[in-house]
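Report on the structure given below.
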């Protein structure tokens, strides 16, 4: 039985430009808030400095990174399901396991679960 699902088309150039724009905005927010913190002597500034600090966890830059992992996992898993391998089924076991492990990695990176105290 063949399905007639809709194809999702993603323009790679637009996607890369959007991701670069978000990364540049995060870096600019980090640098500008650090400059304000250094110049004024206030290192918290309504919670914005730790919220955009690139060296910390549980903030907007780490959330963005976790969602990038999740997006990569979903794209990898969807491409794995759509493309049939030319090799025998036993050779596809590695990529099948790889695509199933990425969502759990991205979920723990997004939610900041870790084994560290």
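Each reported figure results from applying straightforward, stated rules to the coordinates on display, with no laboratory input. Predicted, not measured: the structure shown is a model, and the values here were computed from it. Reconstructed Cβ throughout: ideal geometry from the backbone, glycine too, with neighbour counts over all protein chains shown.
In which sequence would 52, 76, 46 go, from the one with the fewest C-beta neighbours within 10 Å to the one with the most?
Going from least to most buried by this count: 46, 76, 52.
Once you have the Cα-Cα distance between residue 46 and residue 74, take 0.36 nm times their residue separation minus that, and quote the gain in nm to one decimal.
6.5 nm
Set the Förster distance to 41 Å, then compute FRET efficiency between residue 32 and residue 11 from the Cβ-Cβ distance, nearest 0.05.
Calculated value: 0.85.
Using only the alpha-carbon atoms, what does the range 12-56 span along each of its principal axes? Please give whole angstrom values in decreasing order.
43, 17, 16
Where does each of 34-43, 61-70 land if you order them by average Cβ count within 10 Å, highest first?
61-70, 34-43
Figure the gain on full extension for residue 25 and residue 64 (residue separation times 0.36 nm, minus the Cα-Cα span) and round it to one decimal in nm.
12.9 nm
Over the range 12-56, what relative contact order in percent results from Cα pairs under 8 Å that are six or more residues apart?
33
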